Amino acid sequence: MKLLYTIGLLIVSNVFMTFAWYGHLKLQDMKVITSHTPLLVVILMSWSLAFAEYCCQVPANRIGFAGNGGPLSLIQLKVIQEVITLLVFMGFSILFFRTESIGWNHCVSFVLLVLAVFFAFYR
(Lines give C-alpha, C1' and ligand atoms only; values in the text may rest on other atoms or scores of the structure.)
Protein backbone atom coordinates (compact mmCIF):
# COMPACT_ATOMS: atom_id res chain seq x y z
CA MET A 1 0.00 0.00 0.00
CA LYS A 2 2.92 2.35 0.74
CA LEU A 3 4.11 1.89 -2.85
CA LEU A 4 0.72 3.01 -4.19
CA TYR A 5 0.66 6.05 -1.87
CA THR A 6 4.19 6.93 -2.94
CA ILE A 7 3.44 6.66 -6.65
CA GLY A 8 0.16 8.56 -6.29
CA LEU A 9 1.82 11.40 -4.38
CA LEU A 10 4.66 11.49 -6.91
CA ILE A 11 2.16 11.82 -9.75
CA VAL A 12 0.29 14.65 -8.01
CA SER A 13 3.53 16.42 -7.10
CA ASN A 14 4.76 16.18 -10.68
CA VAL A 15 1.52 17.65 -12.01
CA PHE A 16 2.06 20.66 -9.74
CA MET A 17 5.76 20.82 -10.67
CA THR A 18 5.03 20.74 -14.40
CA PHE A 19 2.46 23.52 -14.08
CA ALA A 20 4.91 25.52 -11.93
CA TRP A 21 7.68 25.18 -14.50
CA TYR A 22 5.71 25.45 -17.75
CA GLY A 23 2.19 26.64 -16.91
CA HIS A 24 3.10 30.30 -17.22
CA LEU A 25 3.99 29.68 -20.87
CA LYS A 26 0.48 28.42 -21.51
CA LEU A 27 -1.02 31.30 -19.51
CA GLN A 28 0.90 33.67 -21.75
CA ASP A 29 -0.32 31.81 -24.82
CA MET A 30 -3.90 32.12 -23.52
CA LYS A 31 -3.37 35.87 -22.88
CA VAL A 32 -4.02 35.46 -19.13
CA ILE A 33 -0.60 36.99 -18.58
CA THR A 34 1.54 38.83 -21.11
CA SER A 35 5.21 39.01 -21.94
CA HIS A 36 5.09 42.32 -20.04
CA THR A 37 3.89 40.69 -16.81
CA PRO A 38 6.66 41.32 -14.28
CA LEU A 39 8.94 38.33 -13.88
CA LEU A 40 8.56 38.54 -10.10
CA VAL A 41 4.79 37.99 -10.46
CA VAL A 42 5.38 34.93 -12.65
CA ILE A 43 7.96 33.59 -10.19
CA LEU A 44 5.59 34.04 -7.24
CA MET A 45 2.83 32.24 -9.17
CA SER A 46 5.22 29.37 -9.87
CA TRP A 47 6.43 29.27 -6.27
CA SER A 48 2.88 28.90 -5.03
CA LEU A 49 2.50 25.82 -7.23
CA ALA A 50 5.93 24.56 -6.20
CA PHE A 51 4.82 24.75 -2.56
CA ALA A 52 1.91 22.42 -3.37
CA GLU A 53 4.36 20.17 -5.22
CA TYR A 54 6.61 19.92 -2.18
CA CYS A 55 3.61 19.18 0.03
CA CYS A 56 3.21 15.97 -2.00
CA GLN A 57 6.83 15.21 -2.94
CA VAL A 58 8.27 15.20 0.58
CA PRO A 59 5.61 12.85 2.01
CA ALA A 60 5.98 10.59 -1.04
CA ASN A 61 9.69 10.22 -0.38
CA ARG A 62 9.20 9.71 3.35
CA ILE A 63 6.49 7.08 2.85
CA GLY A 64 8.32 5.27 0.06
CA PHE A 65 11.86 5.27 1.45
CA ALA A 66 13.05 1.94 2.86
CA GLY A 67 14.82 3.77 5.70
CA ASN A 68 11.37 4.86 6.92
CA GLY A 69 9.75 1.47 6.48
CA GLY A 70 8.78 1.96 2.84
CA PRO A 71 9.38 -0.43 -0.03
CA LEU A 72 11.91 1.59 -2.08
CA SER A 73 15.60 2.38 -1.96
CA LEU A 74 16.70 5.95 -2.53
CA ILE A 75 17.81 5.12 -6.08
CA GLN A 76 14.50 3.39 -6.86
CA LEU A 77 12.60 6.42 -5.58
CA LYS A 78 14.61 8.74 -7.82
CA VAL A 79 14.27 6.57 -10.94
CA ILE A 80 10.50 6.23 -10.46
CA GLN A 81 10.21 9.98 -9.87
CA GLU A 82 12.08 10.77 -13.10
CA VAL A 83 9.91 8.46 -15.19
CA ILE A 84 6.75 9.93 -13.64
CA THR A 85 8.10 13.43 -14.37
CA LEU A 86 8.55 12.61 -18.03
CA LEU A 87 5.18 10.89 -18.35
CA VAL A 88 3.40 13.83 -16.73
CA PHE A 89 5.33 16.25 -18.94
CA MET A 90 4.36 14.27 -22.05
CA GLY A 91 0.70 14.41 -21.06
CA PHE A 92 1.01 18.13 -20.29
CA SER A 93 2.68 18.92 -23.60
CA ILE A 94 0.15 16.87 -25.58
CA LEU A 95 -2.88 18.35 -23.80
CA PHE A 96 -1.79 21.96 -23.39
CA PHE A 97 0.84 22.57 -26.06
CA ARG A 98 -0.71 21.00 -29.12
CA THR A 99 2.05 22.41 -31.30
CA GLU A 100 4.51 19.93 -29.83
CA SER A 101 4.74 16.58 -31.57
CA ILE A 102 6.03 13.28 -30.26
CA GLY A 103 8.57 11.61 -32.53
CA TRP A 104 9.95 8.10 -32.68
CA ASN A 105 13.08 9.26 -30.84
CA HIS A 106 10.93 10.43 -27.91
CA CYS A 107 9.22 7.05 -27.77
CA VAL A 108 12.59 5.26 -27.78
CA SER A 109 13.76 7.55 -24.96
CA PHE A 110 10.76 6.61 -22.85
CA VAL A 111 11.24 2.91 -23.49
CA LEU A 112 14.83 3.29 -22.31
CA LEU A 113 13.61 5.08 -19.17
CA VAL A 114 11.16 2.27 -18.45
CA LEU A 115 14.09 -0.11 -18.85
CA ALA A 116 15.96 2.04 -16.31
CA VAL A 117 13.14 1.42 -13.84
CA PHE A 118 13.32 -2.30 -14.57
CA PHE A 119 17.06 -2.37 -13.93
CA ALA A 120 16.75 -0.21 -10.80
CA PHE A 121 14.51 -2.94 -9.34
CA TYR A 122 16.46 -5.88 -10.78
CA ARG A 123 18.33 -7.97 -8.23
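Between L27, L4, which is in a helix (DSSP H, G or I), among the hydrophobic types (A, V, I, L, M, F, W, C) and closer than 21 Å to E100 by Cβ?
L27
Looking at the range 35-53, can you tell me whether even one residue there is open to solvent by 30 Å² or more (accessible area, probe 1.4 Å) and on the phi > 0 side of the Ramachandran plot?
no
Checking the structure you have, find out if any residue of the range 65-83 is under 16 Å from the mean Cα position of the chain (by Cα), under 26 Å from M30 (Cβ atoms) and open to solvent by less than 50 Å² (accessible area, probe 1.4 Å).
The answer is no; no qualifying residue exists.
So, in the range 24-47, of the ones that are closer than 19 Å to S93 by Cβ and polar (S, T, N, Q), which residue ends up nearest to the chain's Cα centre (by Cα)?
Residue satisfying both the conditions and the ranking: S46.
Has the range 86-104 got any residue that is open to solvent by 70 Å² or more (accessible area, probe 1.4 Å) and in contact with a Ser or Thr (Cβ under 6 Å, 6 or more places away or on another chain)?
yes
Here's the yes/no breakdown for (1) touching a residue at least 12 places away in the same chain (Cβ under 8 Å); (2) farther than 16 Å from F19 by Cα; (3) among the acidic types (D, E):
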residue: S46; (1), (2), (3): yes, no, no
residue: A50; (1), (2), (3): yes, no, no
residue: E53; (1), (2), (3): yes, no, yes
residue: A60; (1), (2), (3): yes, yes, no
residue: G67; (1), (2), (3): no, yes, no
residue: I75; (1), (2), (3): yes, yes, no
residue: T85; (1), (2), (3): yes, no, no
residue: M90; (1), (2), (3): yes, no, no
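The values are calculated or read from the model by the stated rules, or taken from the named source; none is laboratory data. All figures in this text were calculated on a predicted structure; none of them were measured in a lab. Heads up, the Cβs are rebuilt from the backbone with ideal geometry, glycines too, and the neighbour counts pull from every protein chain shown. Accessible surface is based on the protein model in full, side chains and every heavy atom, while ligands, DNA and RNA are left aside. Shrake-Rupley method; radii C 1.70, N 1.55, O 1.52, S 1.80 Å.
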